[in-house]
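Written out below as structure tokens is the structure these notes cover.
What follows draws every value from the coordinates through simple rules; no lab data is involved. Note that the structure is a prediction, hence the values are computed from the model and not measured. Counting neighbours? That spans all protein chains shown, and the Cβs are built from the backbone with ideal geometry, glycine included.
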Amino acid sequence: MKKEGKKFIIVDCKKNINIDNIYTFFSDLLETDYEEKGQSRIYYVNPEKKYNLENIMDTVNLDFNANVSVFESNVIYNDNDMNTLISLYHKYHQLSYSNISLLTLEIIRIGFEDINVIKPIILHCINKDTQLESVVLGMFDNNLNVSKTAHTVFMHRNTVINKLNYIKKETGLDLQNFTDAVVMFALIKRKPK
């Protein structure tokens, strides 16, 4: 039986007069309860659901006259990974919206110091499955072309697409998106110290 993963969203709001309204807005939007951790509220959300938070954060900050930042995690399977991601988010976040891809890019930009910390959290499913790893490497060898990758790894094109969708769901990285592919490439090629 496969262990259930969870996804979480961190909402940080600098103290202001609208803080209760802001947190109520996110509770209603995300349709879930929260847990407080320090200054942050952690919302546990459905891993299958897409929230499009990136598109609303500028509007939220303008409408509420606030400084709100949000982090959207990938699927995680244990509390240690969750606590590590929360810690890395607080250490590196610069934007009103961040996700696993943007967080990893920020770690890379600053100097790879924590790349080996975040790598196993993101690549947990790929490290355990040689077929997934061969699909990822095949995508890089074939310039992110799904048809060429299918031919190279001896799989049907639809099978490769299904595996890419699974990778996206588990890691939060879409290999058909250039930025996410760069992050995946950096993680896969980075040798542990």
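Only one of T32, T104 is hydroxyl-bearing (S, T, Y) and out of contact with any strand residue (DSSP E or B) (no Cβ under 6 Å at 6 or more places or on another chain); which?
Exactly one residue qualifies, and that residue is T104.
Could you please tell me which pairs satisfy a Cβ distance under 7 Å, a separation of 6+ or placement on different chains, a first residue in region 8-37 that is more than 21 Å from N99 (Cβ to Cβ), and a second residue that is of a type outside the set (G, A, S)?
Between residues of region 8-37 that are more than 21 Å from N99 (Cβ to Cβ) and residues that are of a type outside the set (G, A, S), the close pairs are N18/F64; N18/N65; I19/C13; N21/F64.
Identify all residues within region 39-54 that are of a type outside the set (D, E), in contact (Cβ under 8 Å) with a residue 24 or more places away in the chain and in a loop (DSSP other than H, G, I, E, B); write none if there are none.
Within region 39-54, Q39, N46, P47, Y51 meet the criteria.
Considering (1) touching a residue at least 24 places away in the same chain (Cβ under 8 Å); (2) among the polar types (S, T, N, Q); (3) not in a helix (DSSP H, G or I), say which one Q94 fails and leave the rest.
(1)
Can you name every residue in region 130-143 that is in a loop (DSSP other than H, G, I, E, B) and surrounded by 15 or more Cβ atoms within 10 Å (Cβ to Cβ)?
N142
What are the residues in region 116-129 that are surrounded by 18 or more Cβ atoms within 10 Å (Cβ to Cβ), within 12 Å of L88 (Cβ to Cβ) and of a type in the set (A, V, I, L, M, F, W, C), if any?
Within region 116-129, I118, I121, I122 meet the criteria.
Report yes if E72 is under 11 Å from K7 (Cα atoms) and surrounded by 13 or more Cβ atoms within 10 Å (Cβ to Cβ), otherwise no.
yes
Among the residues of region 97-115, what is the count of those that are surrounded by fewer than 19 Cβ atoms within 10 Å (Cβ to Cβ), part of a helix (DSSP H, G or I) and of a type in the set (A, V, I, L, M, F, W, C)?
Going through region 97-115 one residue at a time, the tally reaches 4.
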